[in-house]
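The values are calculated or read from the model by the stated rules, or taken from the named source; none is laboratory data. Just so we're clear, the structure is a prediction, and the values are computed from it rather than from any experiment. Please note: Cβ atoms are built from the backbone with ideal geometry, for glycine as well, and neighbour counts cover all protein chains shown.
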Amino acid sequence: MDPVHANNAVYMLASGRHGTLYIGVTSDLIRRVQQHREGETPGFTDRYGVKRLVWYRRFFTVVEAIRWEKRLKKYRRDWKINLIEQDNPNWDDLFPQIV
């Protein structure tokens, strides 16, 4: 899979290192994360200050992305933290890298 050309993505946002987590799915990762960051979408992420992109994975099909999102949401918190820290041990904001 060429991840650069895969449009669909599952992503995790965090309020900070080991903070509140949010898992979402989108067909436009940059636009969607930007909406979260700017508070354009009232709700959970805006209320809890969850704006830092800490993990994402791209998929070619929306079906595949949704399946991954649903699976990921069922995982225990420590598994999600391990997944983040495999590629992003410092919980850096990955948004600047994808823009």
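What the table shows:
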{"quantity": "Flag if Tyr22 is part of a strand (DSSP E or B), more than 21 Å from Ala6 (Cα to Cα) and in contact (Cβ under 8 Å) with a residue 24 or more places away in the chain", "calculated": "yes"}
{"quantity": "Criterion: of a type in the set (Ser, Thr, Tyr), modelled with pLDDT of 95 or more, exposed (fewer than 13 other Cβ atoms within 10 Å of the Cβ) and in contact with a helix residue (DSSP H, G or I) (Cβ under 7 Å, 6 or more places away or on another chain) - qualifying residue of Ser27, Ser15", "calculated": "Ser27"}
{"quantity": "Number of positions in segment 80-99 that are in a helix (DSSP H, G or I) and surrounded by 11 or more Cβ atoms within 10 Å (Cβ to Cβ)", "calculated": "9"}
{"quantity": "Residues located in segment 54-82, provided they are under 21 Å from Asn7 (Cα atoms) and out of contact with any strand residue (DSSP E or B) (no Cβ under 6 Å at 6 or more places or on another chain)", "calculated": "Phe60, Thr61, Val63, Glu64, Arg67, Lys70, Arg71"}
{"quantity": "The lone exception for Thr41 - which of (1) hydroxyl-bearing (Ser, Thr, Tyr); (2) modelled with pLDDT of 95 or more; (3) out of contact with any Ser or Thr (no Cβ under 8 Å at 6 or more places or on another chain) it fails", "calculated": "(2)"}
{"quantity": "Single residue of Trp91, Trp55 found to be among the hydrophobic types (A, V, I, L, M, F, W, C), out of contact with any Pro (no Cβ under 8 Å at 6 or more places or on another chain) and at positive phi", "calculated": "Trp91"}
{"quantity": "Residue match in segment 55-63 (condition: surrounded by fewer than 18 Cβ atoms within 10 Å (Cβ to Cβ), part of a helix (DSSP H, G or I) and without any contact (Cβ under 8 Å) to a residue 40 or more places away in the chain)", "calculated": "yes"}
{"quantity": "Evaluation of Phe60 against (1) within 15 Å of Val25 (Cβ to Cβ); (2) hydrophobic (A, V, I, L, M, F, W, C); (3) modelled with pLDDT of 95 or more (one fails), failing number", "calculated": "(3)"}
{"quantity": "From Arg52, Arg57, Arg37, Arg31, residue being farther than 18 Å from Trp91 by Cβ and among the charged types (D, E, K, R)", "calculated": "Arg31"}
{"quantity": "Val33 vs. criteria among the hydrophobic types (A, V, I, L, M, F, W, C) and surrounded by 12 or more Cβ atoms within 10 Å (Cβ to Cβ)", "calculated": "yes"}
